[in-house]
Amino acid sequence: MKLQTEYMQDLMDRVIKNHPSQPEFHQAVQEVLVCMEPVAKAYPEYVKAGIFERMVEPERIIIFRVSWVADNGDVKVNRGFRVQFNSAIGPYKGGLRLHPSVNLGVIKFLGFEQIFKNSLTGLPMGGGKGGSDFDPKGKSDGEIMRFCQSFMTELSKHIGADTDVPAGDIGVGAREIGFMFGQYKRLRNEFTGVLTGKGLNYGGSLVRTEATGYGCCYFTQAMLETKGESFAGKVVVISGSGNVAIYATEKATQLGATVVALSDSGGYIYDPAGVDLKLVKRLKEVERKRISEYVKERPDAKYTSGCSGIWTIPCDIALPCATQNELDGDAANALVANGVVAVAEGANMPCTPQAVEVFLEKGILFGPGKAANAGGVATSGLEMSQNSMRLSWTFEEVDEKLEAIMRNIHRQAKAAAEEYGEPSNYVLGANIAGFLKVANAMYLQGVAY
Ligand code: NDP
């Protein structure tokens with residue numbers, strides 16, 4: 001995916017120079033700029049207004065120290081981040097990631113992707129992302145709580161229900177959101193929808209937990225239908241065994257598919273009879289154990305150390321739902337050789353540019369993350385609406401709205417891809433459809449920053 005025009009190449013060169021040593025951010029920007037070349041030609045007024053330059057520069061970056069006390073009394077120090085990338089169409093919105101691999105470049109790439117993803121949902125949400133290099137693995141509940149409280153003590157100065165509304169991401173689930181919400185309320189003495197992914201008895205929305213995984217399957221189903229296909233009877237491989245992977249497994253199974261593999265950062269399980277989701281939920285959501293424990297209770301399943309081999313398992317549909325750059329060109333070739341028909345990114349940027357090229361070249365239905373995993377933030381948007389109205393919708397109501405949003409995202413991406421001459425290139429379509437709405441809002445609002 002090379003840039004063809006001098007204008008875009010020059011912009012990309014400046015991004016690399018101004019944001020050094022941030023390869024994930026460069027990768028995310030390059031992918032979008034490649035898709036923007038025909039847009040720059042069609043909208044010269046956006047070039048003149050500096051929309052493309054402004055789009056790749058965050059409005060604000062906050063970096064802060066997070067000190068907390070471990071159970072043994074030692075004081076630990078981590079680094080916290082919040083990147084408020086773009087507020088043209090609504091308050092900044094995007095998750096918080098707690099993982100040792102977190103750095104400014106990772107948060108910037110995620111915040112950048114979030115701008116277009118949020119735009120595609122059709123809801124009024126700008127783009128942002130945050131997190132810390134804190135590693136929740138092996139920490140006690142008390143340590144998690146003290147970290148979250150310290151993190152929120154600083155973050156609370158920069159967020160608010162009409163300013164910036166964080167949510168969960170890797171390492172941040174209902175427990176962490178609860179601790180952070182409690183601290184925000186204590187500091188500000190106000191009960192507002194400042195976070196999404198909250199518990200159901202204090203302002204959370206039904207379906208938020210399931211939303212990203214379910215949404216990914218709704219998007220995939222819409223892609224399959226364009227070829228007269230569906231999930232029914234298909235074999236599915238899913239990476240990860242966290243929030244997104246678990247609920248993608250649940251929905252794919254409900255739609256009639258058999259999910260045969262899941263993973264975590266240690267390795268993957270292969271269960272040809274179909275994974276026992278109840279067991280996975282207990283191991284991961286309740287006991288917080290490794291996926292390797294699965295085979296102790298399902299002796300016919302096989303565990304393999306290391307993650308990349310999961311893509312050599314023959315399947316019809318692959319849903320990478322763990323982390324960025326987990327599926328490379330070789331893995332993509334292996335999937336194609338084994339007859340994969342559809343790949344959708346439940347995670348953010350799990351496929352390398354080489355992998356994406358393979359899928360597009362071979363005509364595989366490929367759903368990019370900013371479209372396929374937008375169900376989480378869409379349902380966060382629905383949680384914000386319910387908080388503002390101070391009422392709660394039923395599971396069926398929210399699920400119906402989620403499916404409608406995912407189908408609408410599919411329609412928008414497909415229409416834009418067709419308009420720009422590459423039908424069924426959902427990468428191009430999602431980037432253009434997501435970009436145009438934000439660009440237009442920035443254009444109409446003048447040069448403020
Ligand atoms: P979780 O923390 O619940 O689960 C993450 C899963 O991915 C775990 O199984 C984890 O294994 C695995 N994983 C994490 N890092 C790595 C790594 N470096 N190598 C291999 N496996 C890894 O996170 P989520 O399920 O919430 O998020 C997964 C992806 O989906 C992320 O890319 C996230 O940004 C994206 N996403 C999430 C949304 C949400 O609503 N939660 C919304 C949209 C996108 P282990 O436990 O061993 O670390």
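The values are calculated or read from the model by the stated rules, or taken from the named source; none is laboratory data. All figures in this text were calculated on a predicted structure; none of them were measured in a lab. All Cβ positions, even for glycine, are placed from backbone atoms using ideal geometry, and neighbour counts span all protein chains on display. Surface areas here come from the heavy atoms of the whole protein model, side chains and all, with no ligands, DNA or RNA. Shrake-Rupley method; radii C 1.70, N 1.55, O 1.52, S 1.80 Å.
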Q: Figure the gain on full extension for Leu187 and Lys137 (residue separation times 0.36 nm, minus the Cα-Cα span) and round it to one decimal in nm.
A: 15.3 nm
Q | Alpha-carbon Debye profile of the range 6-55, log10 I(q)/I(0) at 0.32 Å⁻¹ | A | -1.33
**Q.** Computed Kirkwood radius, in angstrom, where 1/r is averaged over Cα pairs of the range 211-367
**A.** 15.1 Å
Q. Okay, helix-only estimate at 222 nm for the chain: each DSSP H run of n ≥ 4 adds -39500 (n - 2.57), divide by all residues, round to 500 deg cm²/dmol; what do you get?
A. -14500 deg cm²/dmol
Q. Counting only protein heavy atoms and using a 1.4 Å probe, what share of the accessible area of the chain belongs to carbon plus sulfur, as a whole percent?
A. 51 percent
Q: With a 1.4 Å probe and every protein chain left in place, tell me how much accessible area Lys227 has, in Å² to the nearest 10.
A: 120 Å²
Q. Which residue, Gly168, Gly199, Gly80, tops the fluctuation ranking in a GNM of the chain built on C-alpha contacts under 10 Å?
A. Gly199
Q: Based on a Kirkwood Rh over C-alpha pairs, give the Stokes-Einstein translational diffusion coefficient of the range 324-401 at 37 °C and viscosity 0.692 mPa s in µm²/s.
A: 229 µm²/s
Q: Give me Rg over Rh for the range 60-190, both radii from the alpha carbons and Rh done the Kirkwood way, two decimal places.
A: 0.97
Q) What's the extension gain from Glu357 to Asp300 if we count 0.36 nm per residue and subtract their Cα-Cα distance? A) 16.9 nm
**Q.** Pairs of Lys in the range 276-371 closer than 19 Å at Cα, counting only those 8 or more apart or on different chains
**A.** 9
Q: Using a 1.4 Å probe and ignoring any ligands, DNA or RNA, find the accessible area of Lys185 and quote it in Å² to the nearest 10.
A: 80 Å²
Q: Largest first and in whole Å, give the semi-axes of the range 373-427's equivalent ellipsoid, each being the square root of 5 times a Cα gyration tensor eigenvalue.
A: 29, 10, 8
Q: Evaluate the relative contact order of the range 25-177 (contact order divided by residue number), counting alpha-carbon pairs under 8 angstrom at least 6 apart; express in whole percent.
A: 26 percent
Q: With label points built 7 Å along Cα→Cβ from the Cα atoms of Gln4 and Leu279, find their separation and express it in nm.
A: 5.2 nm
(Q) How much accessible area per residue does the chain have, counting only protein heavy atoms and a probe of 1.4 Å, in square angstrom? (A) 39 Å²
(Q) Between Arg290 and Glu45, what is 0.36 nm times their sequence separation minus the Cα-Cα distance? Round to one decimal in nm. (A) 82.9 nm
Q: Quick one: among Ala257, Ala28, Ala42, which has the greatest mean-square fluctuation in a GNM of the chain with alpha-carbon springs under 10 angstrom?
A: Ala42
Q: Please pull out the direction-averaged projected area of the chain, using the convex hull of its alpha-carbon atoms, in nm² to one decimal place.
A: 20.6 nm²
